[in-house]
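Here the structure is laid out as structure tokens; the discussion comes afterwards.
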Number of protein chains: 2
Amino acid sequence: MRVLVTGAAGFVGRALVQRLLHDDAALGKPVTALVALDRQLDAAAWHSDARVRAMEGDFGDGDTLARALAEPPQIVFHLASVPGSLAEREPALGLQANLLAPIALLQRLEDEELAPRVVFASSVAVYGALPVEGAIDESQVLRPKLSYGTHKRMVELLLADASRRGVLDGISLRLPGIVARPPQASGHGSAFMSDLIRRAMDGEPYTCPVSPGARAWWMSLPCCIDNLLHAARMQADAAGPERVIQLPVITATVAEVAATIEALRGHPADLQWRPDESIEALFGRMPELHTSLARKLGYTDDGTLQALVQRAVATPPGR
Amino acid sequence: MRVLVTGAAGFVGRALVQRLLHDDAALGKPVTALVALDRQLDAAAWHSDARVRAMEGDFGDGDTLARALAEPPQIVFHLASVPGSLAEREPALGLQANLLAPIALLQRLEDEELAPRVVFASSVAVYGALPVEGAIDESQVLRPKLSYGTHKRMVELLLADASRRGVLDGISLRLPGIVARPPQASGHGSAFMSDLIRRAMDGEPYTCPVSPGARAWWMSLPCCIDNLLHAARMQADAAGPERVIQLPVITATVAEVAATIEALRGHPADLQWRPDESIEALFGRMPELHTSLARKLGYTDDGTLQALVQRAVATPPGR
């Protein structure tokens, strides 16, 4: 299989590329060529695997895109994006990375006439305002509150239309915040979810920018990779004409996650609470989420909070 | 007021420009400058009004856009689009006109930092599949079935986000098929609605591509213009954060419209029926539509089928 991964140097992209290269069952067929594209590639992250062509550049740029698609891929994982908080601070950057570049990518893939599977990393940010109490399901009305979620929804729509026309074979996965991201400032408003787990598991003090009762949607990096690979292999039209899958998540409060870590480590975590209303409003008031379609199609969450926490801090293979 | 109209040579654009120039109450304040932009301008349609600057060109093109915005407008009516059937036949044209060009327009207006009112002519094509029986309302889930409706929804989302950020002051009006379009082939799948009214009112034979029981959403051109002008004057945030108004429509079967025409003319219409399933499925199975928000905000339908038919065939002012 010839594979293209955009955002290959990112938190999710890096782990996906490693898995694609080291797990022959990842796609059902062996990976014969992998184009790993990102705006900036960290040389140390890339093995000297002869199948990998690592490319630095903006895939919204025509030349970069032409080089990346010189051997047209059969599977595309489109992960590249500018995170939500950063996109709010720099709207032109967000528009370019999260909307214009994906449009250019899809258009170019359409022109190749190979109708590749395109797995698009969408986001739960497409929902925007949600009811605080009760539960929602996959048919929830979408009212994105940020440019990030707006652009994600726009690309979902475009991918569904291209799939309807048969020029691409797309599927959009709505991802929650994935844990545990490395500590550098990433522009993700949901960074606290990762920071909390890493610091508490390391026995370090952490001041949390949401309240203990903040209820979020959780998924570990290995679980996310499993689901991305499942999307690459599945019968995409099983997702219906919208071609959208809301991934199953674990809904839990920050206090429940902290208690899980304390139980695993056998002593109290050193946490302080300094809630920031803007962060709590965006990430800390999530209702229960029912995802019967996704579960029926074989997508999974981490199962338990213990598994979530342990997988979140596990060292990815190949690191 | 300085006004920009895109798609100014179109069926709706032409009537809107005439109204803006001849009705001082149209915007509440006099129009001092009007840029009328279209890909092709029919010279005869434009009066030698000193306020009008008629510009031929594609507003997705940077130079054309720069010239059109040389004096930044306070109100923009964005009407230009490639109709649905045509966009299905020529996807690249549809993408350019219905998505990329509007994105470029909104981006450029954002850069002007005047936060103009932008009235966007969206479409009921954003709904896609609808229940055949019963009624829907303004919160109906959106599942566009055509590229046209997909692109319209994408631009609605982008306009809402720009309005949230305060860089534009947008409002999207979801229009039904507007009657009665002139007879030339327009690429509108809903052309039968106009053709039926014109031919039957002229006492000419007409073979209708839907069944007598086909139920459609109707609005006359004068009613549409009234609503566009109302959108230019209203408090846009009254439409909520989505900045979308589903216009009130008259829901009626083709047979009911034909009977209205027969009653007005005093003798039977010469109609034959040759239903085309693809047209009937897209335009002839519309449920009742409740638009309490739009009505509360002062938007209107034609009131009665008699008024609809008479206004549909009335000669626009200034013709």
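Report, for the range B:204-319, the % of DSSP beta bridges that are antiparallel, rounded to 5.
Details: 4 of 8 bridges.
Once the DSSP bridges in the range B:204-319 are tallied, antiparallel ones form about 50 percent.
Place a +1 charge on the Cβ of each Lys and Arg in the range A:188-256 and a -1 charge on the Cβ of each Asp and Glu, then give the dipole magnitude about the Cα centre in debye, rounded to the nearest 20.
60 debye
Provide the per residue accessible area, probe 1.4 Å, for the range B:103-197, rounded to a whole number of square angstrom.
Here the residues of the range B:103-197 average 31 Å² of exposed surface.
Which percent, to the nearest 5, of DSSP beta bridges fully inside chain B are antiparallel?
Among the beta bridges of chain B, antiparallel pairing accounts for roughly 10 percent.
Do any of A:Lys152/B:Lys29; A:Lys145/B:Lys145; A:Lys29/A:Lys145 go past 32 Å between their Cα atoms, and which? If you can, show how the numbers build up before the last one.
Numbers: A:Lys152/B:Lys29 39 Å; A:Lys145/B:Lys145 25 Å; A:Lys29/A:Lys145 40 Å.
Beyond 32 Å between Cα atoms: A:Lys152/B:Lys29; A:Lys29/A:Lys145.
Can you list the distances in nanometres, one decimal and ascending, from the A:Thr315 label point to the identical position in each other copy, with the point 7 Å along Cα to Cβ?
So the label point of A:Thr315 gives 8.6 nm to the other copies.
Would you rank A:Tyr299, B:Tyr148 by solvent-accessible area, highest first, keeping every protein chain in place and using a 1.4 Å probe? Mind showing how you got there, number by number?
On the way: A:Tyr299 5, B:Tyr148 35 Å².
Sorted descending by solvent-accessible area, the residues read B:Tyr148, A:Tyr299.
Which of A:Leu297, A:Leu159, A:Leu308 ends up with the largest GNM mean-square fluctuation for chain A, with Cα atoms connected below 10 Å?
Taking springs between Cα atoms under 10 Å, the residue moving most is A:Leu297.
Provide the buried accessible surface between chains A and B in square angstrom, both chains summed, 1.4 Å probe, rounded to the nearest 100.
For chain A against chain B, roughly 2100 Å² becomes buried.
What does the charge count near B:Ser292 come to, summing +1 for each Lys or Arg and -1 for each Asp or Glu among other residues with Cβ under 11 Å from its Cβ?
Net charge in that neighbourhood comes out at 0.
Mind checking which of B:Ser220, B:Ser122, B:Ser194 has the largest fluctuation in a GNM of chain B, springs on alpha carbons under 10 Å?
B:Ser194
Which percent of the accessible heavy-atom area of the range A:195-319 goes to carbon and sulfur, probe 1.4 angstrom? Write out the running numbers ahead of the final one.
On the way: 2780 of 5500 Å².
For the range A:195-319, the apolar C and S fraction of the accessible surface comes to 50 percent.
Roughly what % antiparallel, to the nearest 5, for the DSSP beta bridges in the protein assembly as shown?
Expressed as a percentage, antiparallel bridges in the protein assembly as shown total about 10.
Based on the Kirkwood radius over alpha-carbon pairs, what is the Stokes-Einstein translational diffusion coefficient of the protein assembly as shown at 37 °C with 0.692 mPa s viscosity, in µm²/s?
Answer, rounded: 124 µm²/s.
With +1 on each Lys and Arg Cβ and -1 on each Asp and Glu Cβ, and nothing else charged, work out how big the dipole of the range A:158-200 is about its Cα centre, in Debye to the nearest 20.
Here the size comes out at about 100 debye.
How large is the helix-only mean residue ellipticity at 222 nm for chain B, computed as the sum of -39500 (n - 2.57) over DSSP H runs with n ≥ 4, divided by its residue count, in deg cm²/dmol to the nearest 500?
Working: 12 runs with 116 residues, N = 319.
Taken over chain B, the calculation gives -10500 deg cm²/dmol.
Between the label point of B:Glu277 and that of the same position in each other copy, find the distances and list them shortest first in nm, with every label point placed 7 Å from Cα along the Cα-to-C-beta direction.
Spacings between copies for this position, smallest first, are 5.7 nm.
Take chain A, connect every pair of alpha-carbon atoms lying under 10 Å apart with a spring to form a Gaussian network, then pick out the residue of A:Val254, A:Val119, A:Val132 with the largest mean-square fluctuation.
The residue with the greatest mean-square fluctuation here is A:Val132.
What is the magnitude of the charge dipole of the range B:139-210 about its Cα centre, with +1 placed on the Cβ of each Lys and Arg, -1 on the Cβ of each Asp and Glu, and no other charges, expressed in debye to the nearest 20?
300 debye
The values are calculated or read from the model by the stated rules, or taken from the named source; none is laboratory data. From a predicted model like this one, the values you see are computed outputs, not experimental measurements. Ideal geometry is used to build each Cβ from the backbone, glycine not excepted, and the neighbour counts take in all protein chains shown. Just so you know, the surface numbers come from the protein's heavy atoms only, side chains and all, with ligands and any DNA or RNA stripped out. Shrake-Rupley method; radii C 1.70, N 1.55, O 1.52, S 1.80 Å.
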